[in-house]
1. Calculate the FRET efficiency for ASP120 and ASP45 from the Cβ-Cβ distance with a Förster distance of 25 Å, rounded to the nearest 0.05.
2. Under 19 Å from a point placed 7 Å out from the Cα of GLU34 along the Cα-to-Cβ direction: which residues of region 94-113 have their backbone N that close?
3. For region 62-126, just the Cα atoms, rotate onto the principal axes and tell me the three extents in Å, largest first.
4. FRET efficiency for ALA106 and GLU54, Cβ-Cβ distance as r, R0 = 30 Å, nearest 0.05?
5. Could you give each residue of region 40-55 its phi-based ³J(HN,Hα) in whole Hz, using Karplus coefficients 6.51, -1.76, 1.60 with θ = phi - 60°, and x for Gly or Pro?
6. Straight-line reach from LYS109: which aspartates and glutamates fall under 13 Å, measuring Cα to Cα and dropping same-chain residues less than 8 apart?
7. Whole-Hz ³J(HN,Hα) for each residue in region 70-83, computed from phi via Karplus 6.51 cos²θ - 1.76 cosθ + 1.60 with θ = phi - 60°, x for glycine and proline: what do you get?
8. Would you mind checking LYS52/LYS88; LYS58/LYS93; LYS72/LYS96; LYS58/LYS82 for any pair whose Cα atoms are more than 25 angstrom apart?
Amino acid sequence: MKKKIALIVIAGGMFILFQSNLPDPELISQIPEEVGTLLESTCYDCHTTGAKSEDALKAVNFNEWEGYRVSKKVAVLGDICKVLEKGKMPPEKYLKSHPDKQFTDAQKKLICDWTKEASDKLLGAN
C-alpha cells in the first residue's frame with residue numbers, strides 16, 4: 001500500500017513539474033501559429049519556468065503571462081519587439097551554441113507585427 005501511495009505521489013510530482021514548463025495556455029491561444037513556433041523554438045528556452053537565467057525570467061516568463069497585469073503585458077510585448085529590432089535577442093552567448101536560433105528580418109517583422117496587434121487588443125479591452 002505504501003508503495004502505491006509513493007508511486008502516485010511521484011507521478012503527481014512529475015506531472016506538476018512537466019506542466020510548470022509549459023507556456024501559459026491563454027498566451028498560446030492568442031498567438032498565431034507561425035509566431036508561436038518561433039517563440040517556442042527560440043524564446044521558451046530561457047523565458048519559461050525552470051530556465052537557468054533569472055534575468056531572462058525577470059524580463060518575461062511566458063508561464064506566468066496570465067498573471068501579468070495588462071500594463072505589464074503591453075510593456076513586455078513592446079520590449080519583445082524592441083530587443084528583436086536592436087538584435088539583443090537572442091543574446092550572442094546563446095547564439096554561439098544555437099546558431100540556428102537567429103531570427104531573420106522577416107521573422108523579426110512577423111513577431112513585431114504580432115506584438116503590436118496583441119498590444120492594441122489588450123489596450124482596446126481595457
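Since every read-out is calculated from the coordinates, none of them should be taken as a lab result. Note that the structure is predicted; figures quoted are calculated from it, not measured. For neighbour counting, all protein chains shown are included, and Cβ atoms are generated from backbone atoms with ideal geometry for every residue, glycine included.
1. On the way: r = 28 Å, r/R0 = 1.12.
Efficiency at R0 = 25 Å is approximately 0.35.
2. Hits in region 94-113 for GLU34 at 19 Å: 101-113.
3. Here the Cα extents, ordered largest to smallest, are 41, 24, 15 Å.
4. Efficiency, from the Cβ-Cβ distance: 0.40.
5. Along region 40-55, the couplings run 5, 6, 10, 7, 5, 4, 10, 10, 9, 3, x, 5, 7, 7, 5, 4 Hz.
6. GLU34, GLU85, GLU117
7. 4, 4, 6, 4, 5, 4, 5, 4, x, 5, 4, 5, 4, 5
8. On the way: LYS52/LYS88 18 Å; LYS58/LYS93 18 Å; LYS72/LYS96 31 Å; LYS58/LYS82 16 Å.
Violating the 25 Å Cα-Cα cut-off are LYS72/LYS96.
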